[in-house]
Amino acid sequence: MKKFHKPKPAADSESRYRRHRRLVRIGQVLMATGALVAISHWIAHLAPTGQGPGITEDIFIGYPTGGVLILIGAVIAGRTETKKR
């Protein structure tokens, strides 16, 4: 027996616009979070000598995490709205 799938209903323009705006906001939140991570790591480096972040925090937690979050957020927020074909 063959199973037939119901065709998906065509999305109207309002739902496409809402989805696009939601993705933009999610991307902006990710970029802001990445900036906060990078700024907090920079502030941690301003601590008196010997009390700054360790080597593992520098490699995994600090700037790389902030940069990755900013990059992912920019990709998500920068997507163009899908066009109706």
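No value in this document is a laboratory result; all are computed from the given coordinates. From a predicted model like this one, the values you see are computed outputs, not experimental measurements. Backbone-built Cβ (ideal geometry, glycine too); neighbour counts: all protein chains shown.
Charged side chains reduced to their Cβ positions (Lys and Arg at +1, Asp and Glu at -1) give the chain a dipole of some 1260 debye around its Cα centre.
Would you mind calculating the gained length between HIS5 and ILE55 on full extension (0.36 nm times residue separation, minus the Cα-Cα distance), in nm to one decimal?
Working it through step by step, the gained length comes to 12.6 nm.
For the chain, the longest principal axis of the Cα atoms and the long axis of helix 63-77 meet at an angle of about 20 degrees.
Here SER13 and LEU36 are evaluated by their C-beta separation; at R0 = 30 Å the FRET efficiency comes out at 0.30.
Farthest toward the positive end of the dipole of the chain, out of TYR17, HIS45, VAL68, is the Cα of TYR17, where the dipole comes from beta carbon charges about the Cα centre.
Any idea what % of Cα-Cα pairs in the chain are farther than 23 Å? Taking all Cα-Cα pairs of the chain, the fraction more than 23 Å apart is 49 percent.
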